[in-house]
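In what follows, a single structure is set out as structure tokens and then discussed.
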Amino acid sequence: MSYAYASCFALAGIILIIIMSARTSATIESVLITGANSGVGKECARQLSLLPQMKRIVLGCRDRVKAQEAKVDLERATRSRSTTNEMGVVFEILILDLSNIESVKGAIEELTDPVDVVVMNAGGLGGNTPGKVLEDQGGFSSIFCANVAGHVVLLDGLVEAGKLSRTAIYAGSEAARGLPVMGYPKPRIETGSVDEFQSICDGSFFADSRDAKTMYAHTKYVGALWMGSASRQYPQHRMIAVSPGATSGTNSAAHMGPVVQFVQKTLLFPLLKLLGNAHGVEMGARRYVDAILDEGTYQSGHFYASDGPNKMTGGVVDQMKLLDDFGKEDYQDNANAAIHSFL
């Protein structure tokens, strides 16, 4: 790609984001993003920094060294001078580990000033032991703690401390309604009871089968339901689940071992992009940004993801149209109650 072409592409992105910011009457000046040191989270920070009114972006990361590297990259990308770029954005670092409840609580206390938006982006397939029960983390399974429970603690803590003023975005996944083409089964829910959802939280639902994709699909299913219930729990805020889609350039397999990482990075995602069933981090992050800014389209309590049963990219649609479970308020409230029974 030539320098001129790249410059035009970047300029077009800036113009589009500024136009999108006019869709909302809300003034979004500050945001906290988890998993912000790389991939979709880092790109989301970059895109939000282009908003004319943006003043402060908090990079929520586990590793301080990686967080600092991301901060330097973002400051450079936005033509930063010292800690504030030419558009007046300050990048801050907040250390938190979503797999450690005490770490999340400590981060909430450390966050001195409220934010308008939190983007709950961190997560993944749970490493080599997704079904491991974390007794010191309330009894959640490893994969559930990293993808859902840690964010539940974060959201509750921010709202209760008066440190979130407007919108919460949760990173959903097309796997939550089943994605057979990628080996993610449709969640098999029998009753939608608190007990059933508790068994997903601690992993006992899966009995002796600890297939990471099956666990991930059910975990994201419960996460989407939780956000529906949270919209009634916190009616003064917007609560939206949105999938970034099949996105290359992420660290979703970071703890799955070098072979899995190699296959995903060099074979799987390049092939999916070639077939038109995956996109880059720019489009994945754009989905978050759209949900934050377009208050007319993205309704609180709803889950938005790709608009076809086996699609992982392109346009998004309310997932109730593909799986009506996501609109069942009793399922939503039971999922929320199940999660909180461990906290």
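Listed by first and then second residue, the pairs with beta-carbon distance under 6 Å, at least 6 apart or on different chains, first residue in region 16-40 and over 17 Å from residue 115 (Cα atoms), second modelled with pLDDT under 55 and not small (Gly, Ala, Ser), are 39/250; 40/250.
Selection of first residues in region 325-340 that are closer than 14 Å to residue 223 by Cβ and of a type in the set (Val, Ile, Thr) and of second residues that are crowded, with 22+ Cβ neighbours inside 10 Å and modelled with pLDDT of 95 or more, restricted to Cβ pairs under 8 Å at least 6 apart or on distinct chains, gives the following pairs, ordered by first then second residue: 339/148; 339/149; 339/152; 339/197; 339/201; 339/222; 339/226. Residues that are within 17 Å of residue 129 (Cβ to Cβ) and among the charged types (D, E, K, R) were ranked within region 204-233; the one that is most open to solvent (accessible area, probe 1.4 Å) is 208.
Considering 301, 314, the condition of being at pLDDT below 95 and on the phi > 0 side of the Ramachandran plot is satisfied by 314 alone. If the condition is being assigned to a helix (DSSP H, G or I), open to solvent by 10 Å² or more (accessible area, probe 1.4 Å) and among the hydrophobic types (A, V, I, L, M, F, W, C), then region 322-343 contributes 326, 337.
Does region 194-203 contain any residue that is in contact with a Gly (Cβ under 9 Å, 6 or more places away or on another chain), open to solvent by less than 10 Å² (accessible area, probe 1.4 Å) and part of a helix (DSSP H, G or I)? For region 194-203, residues in contact with a Gly (Cβ under 9 Å, 6 or more places away or on another chain), open to solvent by less than 10 Å² (accessible area, probe 1.4 Å) and part of a helix (DSSP H, G or I): present.
A quick yes/no check of all residues on (1) of a type in the set (Asp, Glu); (2) assigned to a loop (DSSP other than H, G, I, E, B); (3) touching a residue at least 24 places away in the same chain (Cβ under 8 Å); (4) closer than 20 Å to residue 116 by Cα:
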site: 153; (1), (2), (3), (4): no, no, yes, yes
site: 169; (1), (2), (3), (4): no, no, yes, yes
site: 186; (1), (2), (3), (4): no, yes, yes, no
site: 229; (1), (2), (3), (4): no, no, yes, no
site: 240; (1), (2), (3), (4): no, no, yes, yes
site: 244; (1), (2), (3), (4): no, yes, yes, no
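For region 188-198, state whether one or more residues are farther than 25 Å from residue 283 by Cβ, touching a Lys or Arg at 6+ places or on another chain (Cβ under 8 Å) and among the small types (Gly, Ala, Ser).
Yes, that holds for at least one residue.
Among the residues of region 168-192, just one is under 13 Å from the mean Cα position of the chain (by Cα) and either surrounded by fewer than 20 Cβ atoms within 10 Å (Cβ to Cβ) or more than 18 Å from residue 320 (Cα to Cα) (or both), namely 168. What are the pairs, 6+ residues apart or on separate chains, where a residue within region 90-106 that is farther than 10 Å from residue 62 by Cα has its Cβ under 6 Å from a residue that is open to solvent by 40 Å² or more (accessible area, probe 1.4 Å)? Here the result reads 90/83; 90/84, each pair linking region 90-106 to a residue that is open to solvent by 40 Å² or more (accessible area, probe 1.4 Å). Counting residues in region 70-89 that are touching a residue at least 40 places away in the same chain (Cβ under 8 Å) and either open to solvent by 20 Å² or more (accessible area, probe 1.4 Å) or charged (D, E, K, R) (or both) gives zero. Taken over region 109-136, the criterion of being open to solvent by 30 Å² or more (accessible area, probe 1.4 Å), within 29 Å of residue 246 (Cα to Cα) and β-branched (Val, Ile, Thr) is satisfied by 129, 133.
The values are calculated or read from the model by the stated rules, or taken from the named source; none is laboratory data. Please read these numbers as outputs of a predicted model, since none were measured by experiment. Positions of Cβ are generated from backbone atoms using ideal geometry, with glycine treated the same way; all protein chains shown enter the neighbour counts. Only protein heavy atoms, including side chains, enter the accessible area calculation; ligands, DNA and RNA are left aside. Shrake-Rupley method; radii C 1.70, N 1.55, O 1.52, S 1.80 Å.
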